[in-house]
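Worksheet: one structure, shown below.
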Amino acid sequence: MKVVLDSPLDMHLHLRDGDMLKNVVKYSAECFAGAIIMPNLTPPLTTIKEIKAYKKRILDFAGGLEFEPYMTLFFKDSYDYDFLKEAKSFVKAVKLYPSGITTNSEGGVKNFDMDKLRGVFEAMSELGLVLSVHGETDGFVLDREKEFVDIYENIATSFKDLKIVMEHITDRRSAVLLEKYDNIYATVTLHHLLYTVNDLLGGSLKPHLFCKPIVKTPEDKDVLRELALEAHPKVMFGSDSAPHPKEKKECNGVAAGIFSAPVVLPALCELFEKYGKLDNLQKFVSDNAKKIYDIQPPKKEVVLEKDEFLVPNICGNVVPLCAGEKLLWRCSVGSG
Ligand code: DOR
Ligand code: ZN
């Protein structure tokens, strides 16, 4: 049994830099035609020069694989129209992090006063730049995304022409915004479709399932599954694959982030097959994203075969999701 995907896209990906980039990029570049690349490097990407140089490093390390890195800029309320106009040729989205909410986000937004943010949001609306958002407050950990809903609503109603992507949604109470506002879209990860807080800490603590936003309740997971399995037209797959070295995940003070890139497509096939929804996978992993972002990725056929795949215990110095487990599907790349 086979599934052939036409130009799959990962609409939320962390590739890091240096040796880590060199190690991890192949897992995405082999099985995807393109990906939205997150800008939370140290320091974060805030200039066109840095973005161009980073894109070149990604392509160099991808070693000739057909893969388009769609770059993003780290949001600052100080950007002016002219800068964003120039940036538009090099980036697809501007990624907004609340300050200090996750890895390398200290330089993010401290104050969500719309008057302070108006200039950038108006410029982005006019230029057609997507606003990509990590939507969490610093409140109670299971309610952080829900507490950000007011901010999403405020932005969506104040800037009706701004395309807003709620990244890696995890909470049923933010999912409702998709129906409420024409200009709100979302990405969904693999891990939030598979796990709940019980898997993370209901038995022994699983540091490799620790990410931000944290995995949530069974009800939340069910709502996300419904969106993904039905390939809701405003929802795209974004892995949020976020590698950290093994020693930063197996220690006191565990880094947030799940390295899912080596397993995402096989695991999605398994899930979609289980619910009889394999026909919807193409939309979830590519077609919806092409429409929402108005992109034409390189043509690349990715074949998934129903054949046992033993996930490696370690990829370089990073432990992948499902390490050592057997999955039912494996990835092989066809010609494009
Ligand atoms: O778990 C996460 N890891 N969530 C994020 O928002 C950032 C990411 C990272 O960069 O490690
Ligand atoms: Zn992320």
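Summarised in one figure, the compactness ratio Rg/Rh of the chain, Cα atoms and Kirkwood Rh, is 0.93.
Compute, for the range 157-210, the length of the dipole vector about the Cα centre, with Cβ point charges of +1 (Lys, Arg) and -1 (Asp, Glu) only. Units Debye, rounded to 20. If you can, show how the numbers build up before the last one.
Working: 6 positive and 6 negative charges, 16 e Å.
Magnitude of the dipole: close to 80 debye.
Extension gain, residue 158 to residue 314: 0.36 nm times the residue separation minus the Cα-Cα distance gives 51.5 nm.
If the chain between residue 42 and residue 305 were fully stretched, how many nm would it gain, using 0.36 nm times the residue separation less the Cα-Cα distance?
On the way: separation 263, 0.36 × 263 = 94.68 nm, distance 3.82 nm.
Extra length available between residue 42 and residue 305 comes to 90.9 nm.
Taking Cα atoms only, the orientation of helix 114-127 departs from the longest principal axis of the chain by about 70 degrees.
The Cα center of the range 2-24 and the Cα center of the range 181-211 differ in position by 19 Å.
For the chain, the longest principal axis of the C-alpha atoms and the axis of helix 264-274 are separated by about 70°.
Under a 5 Å amide H cut-off, with hydrogens placed 1.01 Å from N, residue 70 pairs with 35, 36, 37 among residues at least 5 apart or on other chains. Across the options 103, 5, 159, the greatest Cα extent toward the positive end of the charge dipole of the chain (unit charges at beta carbon of Lys, Arg, Asp, Glu) belongs to 5.
Seen against the Cα atoms of the chain and their longest principal axis, helix 48-62 is set at about 10 degrees. Using Cβ point charges alone (K and R +1, D and E -1), the dipole size of the chain about the Cα centre works out to roughly 580 debye.
Please sort by residue number the trypsin sites (Lys or Arg not before Pro) in the range 221-315 whose DSSP state is loop and whose Cβ has at most 13 other Cβ atoms within 10 Å. The partial results should precede the final answer.
On the way: sites: 221, 225, 234, 246, 248, 249, 274, 277, 283, 290, 291, 299, 300, 306; in loops: 234, 277, 299, 300.
Passing both the DSSP loop test and the Cβ count: 299.
Helix-derived [θ] at 222 nm for the chain: sum -39500 (n - 2.57) over DSSP H runs of at least 4, divide by residue count, nearest 500? Working shown, then result.
Values: 14 runs with 114 residues, N = 336.
For the chain, the value works out to -9000 deg cm²/dmol.
Assuming charge only on the beta carbon of Lys and Arg (+1) and of Asp and Glu (-1), the dipole of the range 3-162 about its Cα centre is about 520 debye to the nearest 20. Full extension of the chain between residue 52 and residue 122 gives 22.7 nm of extra length, using 0.36 nm per residue less the Cα-Cα distance. Between the C-alpha center of the range 54-113 and that of the range 220-252 there is a gap of 20 Å. Among the listed pairs 212/277; 88/116; 110/216; 52/76; 56/291; 246/277, a Cα-Cα separation exceeding 23 Å is found for 212/277; 110/216; 56/291; 246/277.
Computed from the coordinates by the stated procedures, all read-outs in this text should not be read as laboratory data. Every value quoted in this text rests on a predicted model; they were computed, and no experiment measured them. Every residue, glycine among them, receives a Cβ derived from its backbone with ideal geometry; neighbour counts consider all protein chains shown.
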